[in-house]
Amino acid sequence: MKRRVLFWGRFDPGYSRNRVYAALFRELGWDVDYFFVKVWPRFGDVEALLRGLSFRAKPDLVWVPVARQRDLAAACRWAHRRGVKVVFDPMISAWDKKVLEQRKWKAEEPRARKLLARETALMNMPDLVCWDTSCHVDFCAEYLKVPRERLRVLLTGTDEAVFRPCAVEEGRKENGHSSFSVLYHGAYLPLHGTETIVEAARMTQGTGIHWDFLGWGAYKASTEAKAKGISNITFLDKVPYVEVPKVIAAHDIVLGVFGTTAKAARVIGNKVYECMACARPTINEFCTGYPPEAKDCKAIKFIPAGDPAALVKAVEEYRADWVNRESYFAAARDFFERHLSMAVIKRQLAGILADLGF
């Protein structure tokens, strides 16, 4: 009989990380079921009772997806009463976001201490907590006091049916630049450090380097305001998700994360998975969560956080050797396949399930 995992909460099943993990469960021979909480996440177990969840086939595992701290307590109550184990995939910490990333609250404020205490209690409820990098595992152990034996690394991955190499010619049709082209794509968040990219673009006006932005988010307007008057920046129109690989292929290199927050130093951005899956090299600030082999990969350049001059230098180093561009493209895809692909993450997930006794 097949094992069954139940994804629980008020979450988006189409979000890349959720979609990747559901696909991997199926590849590992599991049935995937969903319970979408509709009313009040903190009392989702009551809702489950009223909606007859217990009449469905009993799951072997409950999975609480990305950032659904509000669903976690109810999911644990429902599952643990039935002898079912729970795995949480937080991706972010609410306390980290408020205090260390956005810096809206000071750590010593009563509301910040209250949030930390609440999140610490929540993170200690599930049987295992999975994080996207080893840096986040360290953070969870240090700040949220979860025992390390209940923490695991599970890389983010990307949808490889969408993000894969496409013909350069096909991509170039989407891009009118004859110059060396650099792409930032993704959300406008403090940890991404888009202001660093804007300043790097300002420093390279008239040098034949063009910088494109494709994305959305709360900080987009401020990024556009900072870029006003800079001649070599273009803000691209939004495209459907499945068209993003063509935009990537239309550029020479793709940028990652440059923010100066503590969280920025703990992440491997989705855009890194996506661009390397599409065989494009990248530039990022260094994160110890990268596989150790990243330091020797010619398709990844690491620079200090928030340093536009270092970003310019890295771009110019790529451009100076661009006669060998195909070797960079090949190195990016090779690194992805060996260290960031779904095949790698599938092995990680299989190990996590084995640790849980499956």
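Every read-out reported here was derived from the displayed coordinates using simple, explicitly stated rules and does not represent laboratory data. What you see is a predicted model, and the numbers here were worked out from it, not measured in a lab. When we count neighbours, we look across all protein chains shown, and the Cβ atoms used for this are built from the backbone with ideal geometry, even at glycine.
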Residues of type aspartates and glutamates that LYS226 reaches as a straight line, Cα spacing below 13 Å, ignoring anything fewer than 8 places off in the same chain: GLU195, GLU199
Farthest toward positive dipole pole in the chain [+1 Lys/Arg, -1 Asp/Glu at C-beta], among GLY193, ALA67, LEU155: ALA67
Straight-distance crosslink candidates among aspartates and glutamates, where the alpha carbon sits under 15 Å from LYS104 and sequence neighbours closer than 8 are dropped: ASP96
Top of HIS339, HIS136, HIS192 by mean-square fluctuation, Gaussian network on the chain, Cα under 10 Å: HIS339
Contact order normalised by residue count of the chain, Cα under 8 Å, 6+ apart, percent: 14 percent
GNM result for the chain, Cα springs below 10 Å: residue of ALA73, ALA121, ALA187 fluctuating most strongly: ALA121
Long-range HN-HN contacts of LYS85 with modeled amide H, under 5 Å: VAL62
Cα gyration tensor shape of the range 168-340, rounded if a/c is under 1.5, else prolate or oblate by comparing a/b with b/c: rounded
Calculated over the range 42-98: convex hull of Cα atoms, volume per residue (Å³): 77 Å³
Angle in degrees between helix 308-320 and the longest Cα principal axis of the chain, rounded to the nearest 10: 70 degrees
Bridge type composition, the chain - antiparallel percent by DSSP, nearest 5: 0 percent
GNM flexibility winner over the chain from ARG333, ARG150, ARG56 (Cα, springs under 10 Å): ARG56
Label-point separation in nm, GLU326 to ALA161, each point 7 Å along Cα→Cβ: 3.2 nm
Alpha-carbon centroids, the range 71-106 and the range 187-236: separation in whole Å: 33 Å
Relative contact order of the range 239-341, pairs being alpha-carbon contacts under 8 Å that are 6 or more residues apart, as %: 28 percent
Debye, to nearest 20: dipole size of the chain, +1 on Lys, Arg Cβ, -1 on Asp, Glu Cβ: 1500 debye
Neighbour-count ranking [beta-carbon atoms within 10 angstrom, fewest first] of TYR143, TYR241: TYR241, TYR143
Rounded to the nearest 20 debye, dipole of the range 29-168 from Cβ charges on Lys, Arg, Asp, Glu: 680 debye
Sorted by Cβ density within 10 Å, fewest first, the residues ASP45, ASP33: ASP33, ASP45
Greater than 23 Å apart at Cα, pairs in LYS38/LYS98; LYS85/LYS145; LYS220/LYS346; LYS97/LYS220; LYS98/LYS145: LYS38/LYS98; LYS220/LYS346
Positive-pole candidate from GLY217, ALA320, VAL5, dipole of the chain, charges at beta carbon: VAL5
Footprinting exposure proxy for SER16, SER54 (fewest neighbouring C-beta atoms within 10 Å first): SER54, SER16
Rounded Å value of the spacing that divides the Cα centres of the range 2-19 and the range 261-319: 29 Å
